[in-house]
Amino acid sequence: MIGGSLLLKSQVPKLSKANRKKPEELRSHRWYGVKDMRSFAHRSRTAQMGYTRSDYAGKPVIAIINTWSDINPCHSHFRQRAEEVKRGIWQAGGFPVEMPAMSLSEPFQKPTTMLYRNLLAMETEELLRSYPADACVLMGGCDKTTPALLMGAISMNIPAIFLPAGPMLRGDYRGQFLGSGSDVWKYWDELRAGNITEADWGEIEDGIARSAGHCMTMGTASTMTSTVEALGLCLSGYASIPAPDSRHAQMATLTGRRIVEMAWEDLKPSDILTAGSFDNAVMTTLALSGSTNAAVHLIALAKRAGFGLTLERFDELARKIPVLANIRPSGKYLMEDFFYAGGLRALLKQLTGFLSLAEQTVDGKTIGELIADAKVFNDDVIRSADKALVKSDGLAILKGNLAPDGAVIKPPAAEAHLLKHTGKAVVFKNYDDLSARIDSADLEIDANSVIVLQNAGPQGAPGMPEWGQLPIPKKLLEQGVRDMVRISDARMSGTSYGACVLHVTPEAYIGGPLAFVQDGDLIELDVPARKLNVLISDAEMAKRKAAWVAPAPKFERGFGKIYLQHIQQANNGCDFDFLETQVHASNAENSQKRSKGSEPEIH
Ligand code: FES
């Protein structure tokens, strides 16, 4: 009944006839409806695929951007879901056109899917621009697919609705639940410490990922799909339905039905997204103790929409938003439990006093209306503010002479005694150096040391991979150490945990202060005071900077070269500089700016 009531919430509102677009006002009319030779070609080629005019004439063409791939296990149900979306589109009188796009499979794509997030964003925008799409369904969920698809759709600014892949089922190991990523790191350390056997490790391998769907901890995938719901860009109540649940298939059909209505309503991202809706997304991330990656992706999304979301805004909101979701890695449960406990609507209901409730959504209602009657069914999974896991600081933004433009830490995922810590740096020049030396018996390191990794940022790695949960040396694991202060310009998987300071900006590779840290330097981390400093004098810092030699670019051709020329730093969302929308005073201006010059000539 829980899911049933959620699905009923999102039944499509009736269209007001006065606001309805006319068929000749549809974008696709220029391809199909006009009387010229080119439209003859479009119609005859559509007939070639077995369609008759009655299938599409006068109907909105709905692009289904599908990131299915044989090598993306998180989206392995998307072929079937695309059919269910099409069913909804046909039911509502639209013409569905499925368009495959780059999949960005988190476990397989190297060096990191982040290197390609902006490429998928560009592909999405250009698919929508160059084909006769009146509106689109964006099928994503595995980490970077969500921000990428939305960035492209926001820039194109035609009606768009997101279809979240949904989390996979809980993992199983001898009757205990396993969480994606989080339990990999945990048991890997136990294996290295000699506490479990290779055979145990093999059993975990077989049981940790046992259905379609994205990671079911509060990793980047669950964080970002939840923020999509908070932004109002997917049907309400749907972001957390487990992927194999029959209600997920029902959701796909309802999503297909709703996008047809949105095409007639011309309900675009610019009609939905505001500074307030981005604040709602940030607060949702904080209450979930969501992935630190949200601090990169939400800034990129906001900038595409023309809003100046900053790291400082994350920190400002973090000081007042309690952590309410008891989900790994910061808590105990998994996304399946979260859905049964009421899902995101129930969590948002707990945040009612903080949220901007008047924000619009793809449902055609305000977020306040959609959560008005939401209920929590398990108050250990979704806590009330007075029983919060942590009263505030789901994320914290640090600054200091080591990170003048900011760095990110997730305090609830760290051992509390490390949140105010000064220790000697043990520095690794790059990831290869780290891999080669971290387990050396003669490495001079103890539990109070601070592990520093340089050159793992947007340009340095390149692609800013999720290397930030730096490994604890084997000899310290054997002594029982499970957390240490670790600092890098990399990102960290949302499923990871520990006292890991991430996204240090500017990055080492472009001459940020992280490049100048040396073994033995004292590093001061003070999360309550939001400080991150290397305790050397300004004169010493200047001396090291003067001696620093800029490294050669990592790519000399292809997409990598474009990437290196245009990628921005983490505090700016790592978008390409030529893809951002300038921040304007109003939504109307933003909308104009995004749409300008976006229509192709049809010859
Ligand atoms: Fe796809 Fe984690 S691997 S979401």
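The values are calculated or read from the model by the stated rules, or taken from the named source; none is laboratory data. Because the structure is predicted, anything quoted here is derived from the model rather than measured. Note that we place each Cβ from the backbone using ideal geometry, even for glycine, and neighbour counts take in every protein chain shown. All accessible areas refer to the heavy atoms of the entire protein, side chains included, with ligands and DNA or RNA removed. Shrake-Rupley method; radii C 1.70, N 1.55, O 1.52, S 1.80 Å.
Within the set of pairs 6 or more residues apart or between chains, which connect a residue that is among the small types (Gly, Ala, Ser) inside segment 301-320 to a residue that is part of a helix (DSSP H, G or I) with Cβ atoms less than 7 Å apart?
Close Cβ pairs (under 7 Å, with a partner that is part of a helix (DSSP H, G or I)) amount to Ala302/Phe278; Ala305/Ile154; Ala305/Pro269; Ala305/Asn590; Gly306/Asn590; Gly306/Lys593; Ala318/Leu286.
Against the condition of a type in the set (D, E, K, R), farther than 30 Å from Ala542 by Cβ and modelled with pLDDT under 95, how does Lys410 come out, does it pass? Can you show your working first?
Values: of a type in the set (D, E, K, R): yes; farther than 30 Å from Ala542 by Cβ: yes; modelled with pLDDT under 95: yes.
Yes; evaluated as a whole, the condition is true for this residue.
Listed here are the residues, each with its yes/no results for (1) at pLDDT below 95; (2) out of contact with any Gly (no Cβ under 9 Å at 6 or more places or on another chain); (3) on the phi < 0 side of the Ramachandran plot.
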position	(1), (2), (3)
Gly166	no, no, no
Tyr187	yes, yes, yes
Glu190	yes, yes, yes
Arg210	no, no, yes
His214	no, no, yes
Thr227	no, no, yes
Leu235	no, yes, yes
Pro244	no, no, yes
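Checking the condition of a type in the set (Val, Ile, Thr) and assigned to a loop (DSSP other than H, G, I, E, B), which residue from Ile299, Ile259, Ile241 passes? Can you show your working first?
Numbers: Ile299 fails: assigned to a loop (DSSP other than H, G, I, E, B); Ile259 fails: assigned to a loop (DSSP other than H, G, I, E, B).
Result of the check over Ile299, Ile259, Ile241: Ile241.
Residue check: is Leu26 surrounded by 20 or more Cβ atoms within 10 Å (Cβ to Cβ) and more than 16 Å from the ligand (Cβ to nearest atom)? Break it down into steps so the answer makes sense when it comes.
Details: surrounded by 20 or more Cβ atoms within 10 Å (Cβ to Cβ): yes; more than 16 Å from the ligand (Cβ to nearest atom): yes.
The answer is yes for Leu26.
Please go through segment 104-150 and pick out each residue that is among the basic types (Lys, Arg) and either free of Cβ contacts under 8 Å to residues at least 24 places away in the same chain or away from the ligand (no atom under 16 Å from the Cβ) (or both).
Narrowing segment 104-150 to residues among the basic types (Lys, Arg): 110, 117, 129, 144.
Within segment 104-150, Lys110, Arg129 qualify.
Could we say that Ser44 is more than 23 Å from Arg257 (Cβ to Cβ), out of contact with any strand residue (DSSP E or B) (no Cβ under 6 Å at 6 or more places or on another chain), away from the ligand (no atom under 16 Å from the Cβ) and of a type in the set (Gly, Ala, Ser) here? Give the steps one after another, and end with the answer.
Working: more than 23 Å from Arg257 (Cβ to Cβ): yes; out of contact with any strand residue (DSSP E or B) (no Cβ under 6 Å at 6 or more places or on another chain): yes; away from the ligand (no atom under 16 Å from the Cβ): yes; of a type in the set (Gly, Ala, Ser): yes.
It is true that Ser44 is more than 23 Å from Arg257 (Cβ to Cβ), out of contact with any strand residue (DSSP E or B) (no Cβ under 6 Å at 6 or more places or on another chain), away from the ligand (no atom under 16 Å from the Cβ) and of a type in the set (Gly, Ala, Ser).
Which one is farthest from the ligand (Cβ to nearest atom), of the residues in segment 218-238 that are under 19 Å from Val296 (Cα atoms) and assigned to a loop (DSSP other than H, G, I, E, B)? I'd like the intermediate steps shown before the answer.
Residues of segment 218-238 under 19 Å from Val296 (Cα atoms): 218-231, 233.
Still in the running and assigned to a loop (DSSP other than H, G, I, E, B): 218-219, 233.
Details: Met218: 11, Gly219: 6, Leu233: 18 Å.
Looking at the filtered set, the residue picked out is Leu233.
Got a sec? Which of Gln48, Gln11 is out of contact with any Cys (no Cβ under 7 Å at 6 or more places or on another chain) and modelled with pLDDT under 95?
Details: Gln48 fails: modelled with pLDDT under 95.
One residue alone meets the criteria, Gln11.
Kindly check whether there is at least one residue in segment 257-276 that is of a type in the set (Gly, Ala, Ser) and within 14 Å of the ligand (Cβ to nearest atom). Full working, then the answer.
Kept after step one, since they are of a type in the set (Gly, Ala, Ser), are these residues of segment 257-276: 263, 270, 275-276.
Then keep just the ones that are within 14 Å of the ligand (Cβ to nearest atom); that gives none.
For segment 257-276, residues of a type in the set (Gly, Ala, Ser) and within 14 Å of the ligand (Cβ to nearest atom): absent.
Quick one: in segment 122-151, of everything that is of a type in the set (D, E, K, R) and touching a Pro at 6+ places or on another chain (Cβ under 9 Å), which residue is nearest to Pro100 (Cα to Cα)?
Applying the filter and picking the extreme gives Arg129.
Of everything in segment 262-283, what is assigned to a helix (DSSP H, G or I) and under 17 Å from the mean Cα position of the chain (by Cα)? Give them in sequence order.
Result: Ser277, Phe278, Asp279, Asn280, Ala281, Val282, Met283.
One residue is enough: does segment 61-75 have a residue meeting the conditions away from the ligand (no atom under 16 Å from the Cβ) and open to solvent by 10 Å² or more (accessible area, probe 1.4 Å)? Break it down into steps so the answer makes sense when it comes.
Our first condition is that a residue be away from the ligand (no atom under 16 Å from the Cβ); within segment 61-75, this holds for 61-65.
Next cut, open to solvent by 10 Å² or more (accessible area, probe 1.4 Å) only: none.
No, segment 61-75 has no match at all.
For segment 151-192, which positions are open to solvent by 20 Å² or more (accessible area, probe 1.4 Å) and away from the ligand (no atom under 15 Å from the Cβ)? Spell out how you get there, then give the answer.
Let us first name the residues in segment 151-192 that are open to solvent by 20 Å² or more (accessible area, probe 1.4 Å), namely 169-170, 172, 174-177, 184-192.
Across segment 151-192, the qualifying residues are Asp172, Arg174, Gly175, Gln176, Phe177, Lys186, Tyr187, Trp188, Asp189, Glu190, Leu191, Arg192.
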